[in-house]
Amino acid sequence: MHSEAGLILLCTLNYAVTEEFIKDVCRFEPWAYLTVHAKLLIMSLPEEDLTCPVCCDIFTDPVLLPCSHSFCRSCLKRCWDTGLRECPVCRKKTSKSNPPSNLALKNVCEAVLRVRRQSSASVEEKMNCSLHGEKLKLFCLVDKQPICVVCQSSKLHKTHNCSPIEEAVLECKDELALSLKILQDKVDSLKQIQRTSADMSKCIQTQALETQRLIRSQFEQLHQVLCQEETARLAAVKKEEEEKIAGMKDKIKELSAELLSLTETISIIQEQLKEDDMVLLKNFKVTQDRSKSMVLGLDDTSGLLIDVTQHLCNLKYRVWEKMLDHIDYTPVTLDPNTAHPCLILSENLTSLKYSKQPCCCPDNPERFHMSAEVVAMTPLGSGSHHWVVETGSNQDWLLGVASMSVPRNAEISARPENGFWTLCFRDGEFRAMTSPPTPLTLSRTPKQIKVQLDYNKGTVSFFDPADNSVICAFTHSFTEMLLPYFYTQSSHPLRIMPEKVIVTMLRQ
């Protein structure tokens, strides 16, 4: 039976034990189970605290001296048989020839030894076959599990290849090491993808803000043109209003003068009618001539109203037509998500140039990573397409078309077999990028290059727009969509030229 003090001592031994051990220690004191359980669970004891200072092994039948030191009963007896009856640790003398047992410590030590024996038995059990009790000496290469010699002879493994445990351990360790490396590589790849995704999230926010800024800027320009046109047309209406009102005032003034003169003539005639007959006859000719000289003004009021039709006729269309003078249309627009970090694109995405200082951009799959390349955003398929590029002072460029599937993360030659149909200008020499490249002789160096794709006919042609002379042409049976392609390592820009917009009216 454990005393309460003994249980408290158990709880203060600072030793980590299992649930089964706690139950074993408290099997005689159910009333104390919860208390001991709670305290033992939160405490741990190093193994040296359970070791006898004399034999340096786990206590066997420990006894407790008044100085609070504990020893195995047999160890203490051997020490006392040699001479003085004192503590082997602190050398304090004791009068008791038979010190009391340390029951709490004894139970703890017995539980520890019991756990050790169970653990040893468990390990030994794991080393033996669960079916036959024989030692596991072989490893089945088919079922991937250790077996004994009896298992090898059984029907289950008789036809299977086996290897000794020692060899199998080495092979399995190598295989697991390889699997570990593959998994670690996957973890590294996922971490890299995670970092790239975080960078892309930031880039998306930056792109959105910049795109919104450019949209506002362009609409502000359109708003300004519309406001100017609105102001001009409202001013025209106001001017016509003022002119027409001034004209009406002049006409009203003339009519008032004529009315006054006519009124005076009527009064004179009325006075003459009141005179004597002889006076009337004497003044008849003068009066009659005056009445005949009164000619009424022409009642012409045409054209006096505002010419509303002139101001409102197809107003929206005429304003839109006039806005075309302020609007550029380019048949090809560069895709910034494909541009190499060393390429700088203009805000309207119609020109590019090279910079030795790469910009900070995400490592997305669409981007060219190896050389200073970029493609347009719109794939080209059936039909005819053309665009003109101003090369100017740029001395290092490639222009043409590329297949949508060309690699973006590998450096390959811009040749037809790799999905490129291009014209190259480098070191003052023009070359058609065939396999091998074909040098071209031109009478002069054009400042602009016209690229024309006829997808259905399978031709890519390059012209000098100045005289529309052919520089070179490729013929190929295209099987996938193509993208306008640009490359440069010059700080002088390549610029896609705008085209004139022609409005055609369709009449039904």
Report, ordered by chain and residue number, the aspartates and glutamates lying within cross-link reach of Lys144, taken as a straight Cα distance under 16 Å and ignoring same-chain residues fewer than 8 apart.
Glu166, Glu167, Glu171, Asp174, Glu175
Search the structure for amide H atoms under 5 Å from the amide H of Ile147, placed 1.01 Å from N in the peptide plane, and list their residues when 5 or more places away or on another chain.
Lys137, Leu138, Phe139, Cys140
So for the pair Ser346, Arg213, with labels modelled 7 Å out along Cα→Cβ, what separation do we get in nm?
1.9 nm
In Å², rounded to a whole number, the accessible area per residue of segment 241-340 with probe 1.4 Å is 79 Å²
Distant-in-sequence amide H partners of His340 (H built 1.01 Å from N, under 5 Å)
Phe368, Glu373
Karplus ³J(HN,Hα) for segment 86-103 (6.51 cos²θ - 1.76 cosθ + 1.60, θ = phi - 60°; Hz, whole; x = Gly/Pro) runs 9, 6, x, 9, 9, 6, 7, 6, 10, 8, 7, 8, 10, x, x, 6, 8, 4
Which of Thr196, Ala177, Thr211, positive extreme of dipole for segment 174-214 (C-beta unit charges)
Thr211
Hey, can you grab everything whose amide H is under 5 Å from the amide H of Trp397? Only 5+ residues off in sequence or another chain; H modelled, so Pro and N-termini drop out.
Phe425
Lys/Arg +1, Asp/Glu -1 at C-beta; the chain dipole; positive extreme among Leu315, Ser154, Ser351:
Ser154
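Multiply the residue gap between Met377 and His492 by 0.36 nm, knock off their C-alpha separation, and tell me the result in nm, one decimal place. It would help to have the intermediate numbers written out before the result.
Numbers: separation 115, 0.36 × 115 = 41.40 nm, distance 2.23 nm.
Going from the current span to full extension adds 39.2 nm.
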For segment 44-126, with the dipole built from +1 on Lys and Arg beta-carbon atoms and -1 on Asp and Glu ones, taken about the Cα centre, which of Cys72, Asn107, Pro88 lies farthest toward the positive end?
Pro88
Whole-Hz Karplus ³J(HN,Hα) for segment 216-224, in order, using 6.51 cos²θ - 1.76 cosθ + 1.60 and θ = phi - 60°, x for Gly and Pro?
4, 4, 5, 5, 4, 4, 5, 4, 5
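Treat every Asp and Glu Cβ in the chain as -1 and every Lys and Arg Cβ as +1, leave all other atoms uncharged, and give the resulting dipole magnitude about the Cα centre to the nearest 20 debye.
Values: 58 positive and 64 negative charges, 529 e Å.
Approximately 2540 debye in magnitude.
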From the phi of every residue in segment 490-503, what ³J(HN,Hα) in whole Hz does the Karplus formula 6.51 cos²θ - 1.76 cosθ + 1.60 yield, where θ is phi - 60° and glycine or proline is x?
10, 7, 7, x, 9, 10, 7, 7, x, 10, 6, 8, 10, 9
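How large is the helix-only mean residue ellipticity at 222 nm for the chain, computed as the sum of -39500 (n - 2.57) over DSSP H runs with n ≥ 4, divided by its residue count, in deg cm²/dmol to the nearest 500?
On the way: 11 runs with 202 residues, N = 508.
Mean residue ellipticity, 222 nm, calculated: -13500 deg cm²/dmol.
The values are calculated or read from the model by the stated rules, or taken from the named source; none is laboratory data. Model, not experiment: these values are computed from the prediction. FYI the Cβ positions are ideal-geometry reconstructions off the backbone, even for glycines, and counts take in every protein chain you see. Just the protein is used for accessible areas: all its heavy atoms, side chains included, with ligands, DNA and RNA removed. Shrake-Rupley method; radii C 1.70, N 1.55, O 1.52, S 1.80 Å.
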